[in-house]
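Report on the following structure.
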4 protein chains.
Amino acid sequence: MLVKMRRDATADEVKTVEGKLHDLGFKTGRLEGTELTLVGVYGDISKLPSGEIEELPGVEQLIPISRAYKRASQKSTPDKPIFSTVDIGKVTCGGDALAFISGPCSVESEAQIMEAARLVKEAGGNALRGGVVKYRSSPYSGWEGLGASDTESLKKGLRLIVKAGREFGLPTVVEILDPGDVPVYEDAGVDCIQIGEPNSKNQALLNRLRSTPLPVIHKRGNSLDTEAYLLWVERIMTGGKENVILCERGIASANRYTRNTLDVGSIAAFRYQLSGLPVAVDSSHATGIRDLVHPATLAGIMAGASVVLVEAHPNPLIAKSDGHQGLFAEQLHALVKASRATWQLRRELDQAYLPSATLDIAYKDRMSADRKRFFDK
Amino acid sequence: MLVKMRRDATADEVKTVEGKLHDLGFKTGRLEGTELTLVGVYGDISKLPSGEIEELPGVEQLIPISRAYKRASQKSTPDKPIFSTVDIGKVTCGGDALAFISGPCSVESEAQIMEAARLVKEAGGNALRGGVVKYRSSPYSGWEGLGASDTESLKKGLRLIVKAGREFGLPTVVEILDPGDVPVYEDAGVDCIQIGEPNSKNQALLNRLRSTPLPVIHKRGNSLDTEAYLLWVERIMTGGKENVILCERGIASANRYTRNTLDVGSIAAFRYQLSGLPVAVDSSHATGIRDLVHPATLAGIMAGASVVLVEAHPNPLIAKSDGHQGLFAEQLHALVKASRATWQLRRELDQAYLPSATLDIAYKDRMSADRKRFFDK
Amino acid sequence: MLVKMRRDATADEVKTVEGKLHDLGFKTGRLEGTELTLVGVYGDISKLPSGEIEELPGVEQLIPISRAYKRASQKSTPDKPIFSTVDIGKVTCGGDALAFISGPCSVESEAQIMEAARLVKEAGGNALRGGVVKYRSSPYSGWEGLGASDTESLKKGLRLIVKAGREFGLPTVVEILDPGDVPVYEDAGVDCIQIGEPNSKNQALLNRLRSTPLPVIHKRGNSLDTEAYLLWVERIMTGGKENVILCERGIASANRYTRNTLDVGSIAAFRYQLSGLPVAVDSSHATGIRDLVHPATLAGIMAGASVVLVEAHPNPLIAKSDGHQGLFAEQLHALVKASRATWQLRRELDQAYLPSATLDIAYKDRMSADRKRFFDK
Amino acid sequence: MLVKMRRDATADEVKTVEGKLHDLGFKTGRLEGTELTLVGVYGDISKLPSGEIEELPGVEQLIPISRAYKRASQKSTPDKPIFSTVDIGKVTCGGDALAFISGPCSVESEAQIMEAARLVKEAGGNALRGGVVKYRSSPYSGWEGLGASDTESLKKGLRLIVKAGREFGLPTVVEILDPGDVPVYEDAGVDCIQIGEPNSKNQALLNRLRSTPLPVIHKRGNSLDTEAYLLWVERIMTGGKENVILCERGIASANRYTRNTLDVGSIAAFRYQLSGLPVAVDSSHATGIRDLVHPATLAGIMAGASVVLVEAHPNPLIAKSDGHQGLFAEQLHALVKASRATWQLRRELDQAYLPSATLDIAYKDRMSADRKRFFDK
């Protein structure tokens, strides 16, 4: 970090700043220009108390230099990127094979989730998703999920999807809304907990998930910057938890045609520049239009996603929620095949061209995103 | 609601749609054009099962006609707008006087919150705010509030602010993060519960607050449209709860200079077009810059806010959180006086010019926001 | 279009509206509900004078039903989509082969553009781009292009790129800034005119381009909705001009990491739902980060783009503008090969799975974007 | 500016960077930390060739320190802010009195503009606005202004508004679309040229306006950051032109209710932190809803605007463009009176409380916007 002094700061003011920093246990350096002086601060600036320095006389501004997230970022030395794998049951995310997770928006009945599981299995999917308590943007939407009324109903709903998953050999992914429900999910045998977009910044929930052994898929909030999102992901990981999967599901923009805007640039940045965690693409919520899920998913894979998370339903026409974006059976079959072909091509292209595409890690680092901020000025 | 049939829909397809609607208990009407047919649906369309109609052969699209939120909207007949008042302790929000709520971002110690309460009282404020558990966008920020560690610490922190408020005759407003904590807040004697921006769409928390007798200030999420936000507010009110206060605290936009963008157009829309609930303006989070809080707050009052919610601190230079946006004592004194003068002027102007400004309620309704959507095409 | 009457509108008011519409040459229909009346309007509503109807007593709102753009939209019957091809010199865009356009941000000298043309040719590109007058977000950036000073300098700069293109058999694409310069571009032998993002809504320029025989690449403005952009494209085409190419180059969003946010959902919507025009993907401006151009381009192709437009430079390290996003030679070679492989796969997948992916054209139409708006309510 | 070296940069690489900077005529300083080295660059960095330094071996990033706009920023020493005034005809903007500019969206006929001028005069306005060539987001809107067909029609249209203005003693403000038309506007006797939002980044037009003696109102583009906008304004002023007026007319955001989002935080920042130029508030385009123009305008004045620019029409019900946002006569009369009362109050409050509100200029500078960027990390 740098402390930028005001143009009219006195020598004494600079010394006071340095003295204060030394008292706080930091080392400093000084850069005296013709117009102003900068004081460099060395050490773990996350331990610098807010306001201690920036309010001292003669100080104009603090300028951060390094990235703020540590655990969510690439587990690597600059020349040896290491990517994490996260297991959902027996399915490995971020490894050699594409992990394809699908299922209905919500679990509606035993028959429906059984049929959905059969559909996912037959289409070639790897894991089963399905909500037992559901977000609804309107309180008048009616259906809020089988498990919405109380803990017993939640348990019963979870049992249904776990049963369906086990019947067809599919690990299960279920969204959670209330931090108090974590033990219920763990006890029910769910294989992965999902944090939905509306809860992306739900601090109480994220803190609570630090201690679950279950893997977590954390969806990006629709107004979170790429790196700000990683800081919220980092929150779950601060206690040492490692099995977290990123998920891009569309962000807010000037575009009003699709439900959200799928940010493939951030997918690419997660995969190739910022993080070693597996990245999922959720094109169902990103587009909100059933027939755009197919091309948007393939785009997400090509950008760097190694996990696909899409909604499908035995009969979307009678789905109790989000039926407009749920895939029909034929569509799911087609998408799994097309996704695997796309994944295969991307792996070949990564092998053939990635060194050229990014030149080399050292160079990539130098040309990193921080760089472009200068050019935008 | 209207059902728009495809251009090539057959007469039988139209009849099937109408029959299905009748089966579901709706009445219908028909509008046959040269190019296509529209079927009107009469009744409570919130009871229409998703997918039932829109997937029938020949159907192209459903077109909604009426507003989706009921309780958060104006409690009025077209020509007699009625505005709610909400009491926080003995302070009335939305009434004849401006309600001015201030205090530190977080309660740091008994001495600090006592001094803060004294400051708010002496400056002429009406209620005391202060967080006991705090949001932090980075898990490495360190300070997450006096009450962050466990329920006991939460109780202790709440006791401090309640004590300070009572000492100076100021009702207290405290943010909540976890639905499980509601009884703790109620028991501690807090006068109002605040929902922060990151929790604006936290369904579990909003559902839980339906049953608290305490008034709730619900901050707008930074990517929520004006009306979408009202739907989340509506969620708290669906069980009959009425004492809710809206709060505009800035939304995301292309602007990167201020922390968020204060949306005075929505404040005006809440006040003059959409809702009878009191509206608070939080310029601290909207601007994120201490010296812009003053003009932005006055702008918010002029746009229609009847409650001010700003951060102030006995010494912002040593605040443990958000010190950059907390007002100094002199600033708070100045802002309370300027805010009351602005409120006084707005009331005079409303009396003198509002009928001309909006012509009349009937006209206003006709020129409502729905209208402009047509012109945007 | 529908005229929605107020709930309290009288029968006379409805009749007055219908009478006025008849006077204006429209046919009408009527849909009387239990709560309100709708009047359907048949005919070319673009001829309806603004304000004539919506201000009549008893009228609440006009509700549009059909799309506002005609020529930029798919040249097709519902079951027979027809896609346009646009020729840039001898290179066909939107046809069987991917069109790969590349070159430096700006033409800097004869030697530089010659070397750039050689690079594009050797890498396997199809056409050469290069700016002769350049946008700069700061007036202090210095370099505004070889042609910035006057018409003579513009002519000279254009001659250089045309010469380079012809030397290597590459048609040329050059951006224009001033409507007065169109004849200069035509006379110089440029093969395609490009409209940059800052000019996306430059009405004088778009109007002027109606009459040029040259093909036009029209970049989407960074705050334009998918369909609003098509309306600006439509402006060029209203006189009958057909050789226009869409270009997605990133839009504004909450994301601050990449320069803009590449909207692959809109690329997919252009290709599969809204338009028959060829779509170009410009990942250089979308990401602003050299090393993300590769994955983002491949994502764009997979989403539906048939034209690639990226910046490359013989030596980006000494580029006079946008050097941070210009590809190195090795990167361009890799990207052309990877792009062609991706294009090949997408064509195979389109053949194999598109009918399933979108079920059928009739269904696609029914599940169109208009639909999801209902569900978002 | 600072050059941030890579952690593994060698001493030789640092020396090479310094040597190169010296060759380019810059002075340097050095700050050696335990982890990395920073090289400070002193001098006019706008003269630093792009790419020269950032691509040298061992360089990681360039970090800008100072503001990039000079002329558009406050003409002041830190303790003596000086505000510009700009004269439109005999009306002073940015001075002691509020300048109120109004008129129809477009000049439709001699009778209409005469009646509009009478309305503005009688309501107490100071200047007359009216478009002779009009932006339309759809090419099918029909009406593009009296002057849309050719130069003769443009001249004729301009003559009408100038005549009307002179008849009622109101200087005139007219939007321009084509750089080639500047002399036509000058010769016609127009008193001020307006740049509309779609042309906010029209480089050819902005460059051309450098040399007009007429004052210019430059509207902010709806996706331009506060400071990025000032850089486009700066473009007009680089040749020495000083009579430029800023205009906030709403920006894009998540809000879909109003046409745009009026950014009062940026108005406050222009007025109190960034610029000495007069600031206009255009609430007509910011809200797009006639009945919200009144409260939004008052909010804009309270935030710091000294010029009001709103649309009014003798009869908005028959306006050929933007009739939905044009004020009725009664509304304009009410708004002028309310605006002047609000202006009066703001001046009193500025006198009474501004020193407290902003503490002091030195402090304000220290707490400037750059600061908050640190806290956002």
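Every number in this text was worked out from the coordinates using simple rules, so none of it is lab data. What you are looking at is a predicted structure, and each value in this text was computed from that prediction instead of being measured. Counting neighbours? That spans all protein chains shown, and the Cβs are built from the backbone with ideal geometry, glycine included.
If you place +1 on the Cβ of every Lys and Arg, -1 on the Cβ of every Asp and Glu, and leave all else neutral, what size is the dipole of chain B about its Cα centre, to the nearest 20 Debye?
Once rounded to the nearest 20, the dipole reads 500 debye.
Where a Cα-Cα gap under 16 Å defines reach, which aspartates and glutamates qualify for D:K15, not counting those fewer than 8 residues away within the same chain?
The qualifying aspartates and glutamates are D:D23, D:E32, D:E52, D:E54, D:E55, D:E60.
Just name one of B:A329, B:I318, B:L277: the one whose Cα is farthest towards the positive end of the charge dipole of chain B (beta-carbon charges, Lys/Arg +1, Asp/Glu -1).
Ranked along the dipole, the leading option is B:A329.
How far is helix C:329-358 tilted off the main Cα axis of chain C, in degrees rounded to 10, range 0 to 90?
30
For the protein assembly as shown, state what percent of all Cα-Cα pairs lands in each successive 20 Å bin, counting from 0 Å until the bin that includes the largest distance.
9, 38, 41, 11, 0
Per residue of segment A:87-95, what does 6.51 cos²θ - 1.76 cosθ + 1.60 with θ = phi - 60° give for ³J(HN,Hα)? Whole Hz please, x for Gly and Pro, Karplus curve as stated.
Listing the rounded values in order: 8, 9, x, 8, 9, 8, 9, x, x Hz.
Let me see the P(r) profile for chain B: every Cα-Cα distance counted, bins of 20 Å, each bin given as a percent of all pairs.
Values per bin, smallest distances first: 27, 49, 20, 4.
How far is A:K27 from the same spot in each other copy, in nm, shortest first, if each label point sits 7 Å from Cα toward Cβ?
In nanometres, ordered from closest: 2.8, 8.3, 8.6.
Among the DSSP beta bridges whose two residues both lie in chain C, what percent are antiparallel, rounded to the nearest 5?
40
Can you give the relative contact order of segment B:260-344 as a percent, counting alpha carbon pairs under 8 Å and 6+ residues apart?
Taking the mean separation of contacting Cα pairs over the length of segment B:260-344, I get 28 percent.
Got the B:D96 label distances to the other copies yet, label 7 Å along Cα→Cβ, in nm, shortest first?
3.8, 8.0, 8.4
Rounded to the nearest 500, what is the 222 nm mean residue ellipticity of chain C from helices alone, with -39500 (n - 2.57) per DSSP H run of 4+ residues and division by all residues?
That comes out to -11000 deg cm²/dmol.
I need the Debye-formula profile for segment C:124-222: one equal scatterer per C-alpha, no solvent, reported as log10 I(q)/I(0) at q = 0.13, 0.19, 0.23, 0.24 1/Å, two decimals.
Per q value, in the given order, log10 I(q)/I(0) is -0.43, -0.93, -1.31, -1.38.
Return the subset of B:K219/B:K320; D:K219/D:K337; B:K20/C:K4; A:K4/D:K27; A:K4/D:K241 for which the Cα-Cα distance in this structure is over 29 Å, preserving the input order.
Violating the 29 Å Cα-Cα cut-off are A:K4/D:K241.
Report, by chain and number, residues whose modeled amide H sits under 5 Å from the one on D:V59, excluding near sequence neighbours (fewer than 5 apart, same chain).
HN-HN under 5 Å from D:V59: D:R6.
What nm distances, shortest first, do you get from the label point of C:T85 to those in the other copies when the point sits 7 angstrom along Cα to Cβ?
Copy-to-copy label distances for C:T85: 4.6, 6.7, 7.6 nm.
Helix B:151-167 against the longest principal axis of chain B: what's the angle in degrees, Cα atoms only, rounded to the nearest 10?
Long axis of B:151-167 versus the principal axis of chain B: about 70 degrees.
If you take every residue apart from C:S149 with its C-beta less than 14 Å away from the C-beta of C:S149, what net charge results, scoring Lys and Arg +1 and Asp and Glu -1?
Once all neighbours under 14 Å are counted, the net charge is 0.
How much net charge surrounds D:R159 when only other residues with a Cβ under 13 Å from its Cβ are counted (Lys, Arg +1; Asp, Glu -1)?
Neighbour charge sum, excluding D:R159 itself: 0.
Counting pairs of alpha carbon atoms under 8 Å apart in space and at least six apart in sequence, what relative contact order in percent does chain C give?
Relative contact order, chain C: 15 percent.
Taking chain A as the reference, fit the longest principal axis to its C-alpha atoms, fit the long axis of helix A:11-23 to the helix C-alpha atoms, and give the angle between the two in degrees, 0 to 90, nearest 10.
Rounded to the nearest ten degrees, it is 50.
For the protein assembly as shown, give me the percentage of DSSP beta bridges that are antiparallel, rounded to the nearest 5 percent.
40
Work out the length of the dipole vector of the protein assembly as shown about its Cα centre, built from +1 on the beta-carbon of each Lys and Arg and -1 on the beta-carbon of each Asp and Glu, and round it to the nearest 20 debye.
With Lys and Arg at +1 and Asp and Glu at -1, about 0 debye.
Which whole-Hz couplings ³J(HN,Hα) result when phi for each residue of segment C:212-226 is put into the Karplus expression 6.51 cos²θ - 1.76 cosθ + 1.60, θ = phi - 60°, listed in order with x for Gly and Pro?
7, x, 5, x, 10, 9, 10, 6, 6, x, 7, 10, 8, 4, 3
How big is the charge dipole of segment A:149-288 about its Cα centre, in debye rounded to the nearest 20, if each Lys and Arg gets +1 on its Cβ and each Asp and Glu gets -1 on its Cβ?
I would put it at about 120 debye.
Using alpha carbons only, how many angstrom separate the centre of segment A:100-131 from the centre of segment D:91-125?
The two parts, judged by their Cα centres, are 65 Å apart.
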